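No lab work stands behind these numbers, since they all come straight from the coordinates. These numbers were taken from a predicted model, which means no experiment stands behind them. Don't worry about glycine lacking a Cβ; one is built from the backbone with ideal geometry, like all the others, and counts go over all protein chains shown.
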Amino acid sequence: MLLRQMRYFVSVIENNSFTEAAEQEFISQSAISQQIQSLETELGTELFIRQHRKFRLTSAGEYFYQESRQILSRIDRIILETQRIGSDDDAHLRIGYLQVYGGPVLHQAITEFSEIYPEVVFDLIHGTHEELYQELFQQTVHLVLSDQ
């Protein structure tokens, strides 16, 4: 099974049309139909119940659609991250913090931030008030977490 077939299948469902999916995917309507038929043959089950120019999903089709969306979404993220890494276009955020701020709250905040902005790389340093002030003064950190 080709990922392209999965993309075509998802596109048909999301466009609710073989014709519109074909246009979106820049292929002919007959080609997208052939790819879907090939996919069904490979899976050994029908994914659609076809009725004239309309269709609805079978139970297997609904399952395959939900799983395919997740897989394709994950693949898209992998591609973007690979391209970002390959371009060495990381956004770096250098944070200085007092040792007392280095607990689970800081790590949880970084984890949540990283889930939203995976392209940001954190450089964390800890130090005393004076060391962190010096880092900030020399512009070697972007942010300092301190109680002063």
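If we sort 36-48, 116-128 on the protection proxy, mean other Cβ atoms within 10 Å, highest first, what's the order? Before the final figure, lay out the partial values.
On the way: 36-48: 15.0, 116-128: 12.5.
The peptides rank, most packed first, as 36-48, 116-128.
Amide H to amide H, with H built 1.01 Å from N, V144 comes under 5 Å of G96, counting only residues 5 or more places away or on other chains.
A value for semi-axes √(5λ) of the Cα gyration tensor in Å was derived from the coordinates, and within the list (1) 27, 24, 13; (2) 52, 16, 11; (3) 29, 15, 13 it appears as (2). Only beta bridges with both residues in the chain are counted; by DSSP, about 30 percent of them are antiparallel. If the segment from A31 to R53 were pulled out straight at 0.36 nm per residue, it would be longer than the present Cα-Cα gap by 6.3 nm.
Under the classification rounded if a/c is under 1.5, otherwise prolate if a/b is larger than b/c and oblate if not, where does region 90-145 fall, given a ≥ b ≥ c as square roots of the Cα gyration tensor eigenvalues? It is oblate, given that a/c is not under 1.5 and a/b is not larger than b/c. Note on A109/I71: beta-carbon distance plugged into 1/(1 + (r/R0)^6) with R0 of 41 Å gives a FRET efficiency of 0.85.
A Cβ-based charge dipole, computed about the Cα centre of the chain with Lys and Arg at +1 and Asp and Glu at -1, lands at about 920 debye. Counting only DSSP H runs of at least 4 residues, each contributing -39500 (n - 2.57), and dividing by the residue count of the chain, the helix-based mean residue ellipticity at 222 nm comes to -19000 deg cm²/dmol.
State to the nearest 20 debye the size of the charge dipole of region 90-145 about its Cα centre, where the only charges are +1 on K and R beta carbons and -1 on D and E beta carbons.
Numbers: 1 positive and 8 negative charges, 22 e Å.
Once rounded to the nearest 20, the dipole reads 100 debye.
Site pair L93 and Q24 shows an inter-label distance of 3.3 nm when each label is modelled 7 Å from Cα along Cα→Cβ.
Could the peptides 109-115, 62-68 be put in order, highest first, of the mean number of other beta-carbon atoms found within 10 Å of their residues?
Details: 109-115: 11.4, 62-68: 15.4.
Taking the mean over residues of other Cβ atoms within 10 Å, the ranking is 62-68, 109-115.
Backbone amide hydrogens, once placed in the peptide plane, bring H126 within less than 5 Å of Y97, excluding anything fewer than 5 places away on its chain.
What ratio of Cα Rg to 2.2 N^0.38 Å holds for region 3-86? Kindly include the intermediate steps, with their values, before the conclusion.
Details: Rg = 13.7 Å, N = 84, 2.2 N^0.38 = 11.8 Å.
This ratio for region 3-86 stands at 1.15.
Computed 3J(HN,Hα) for region 104-109, one whole-Hz value per residue from the Karplus formula 6.51 cos²θ - 1.76 cosθ + 1.60 where θ = phi - 60°, is x, 5, 5, 5, 5, 4, glycine and proline marked x. Each Lys and Arg contributes +1 and each Asp and Glu -1, all at the Cβ; summed about the Cα centre of region 3-86, the dipole is approximately 100 debye. Count Lys and Arg as plus one, Asp and Glu as minus one, and take only other residues whose Cβ is under 13 Å from that of M1; the net charge is then -1.
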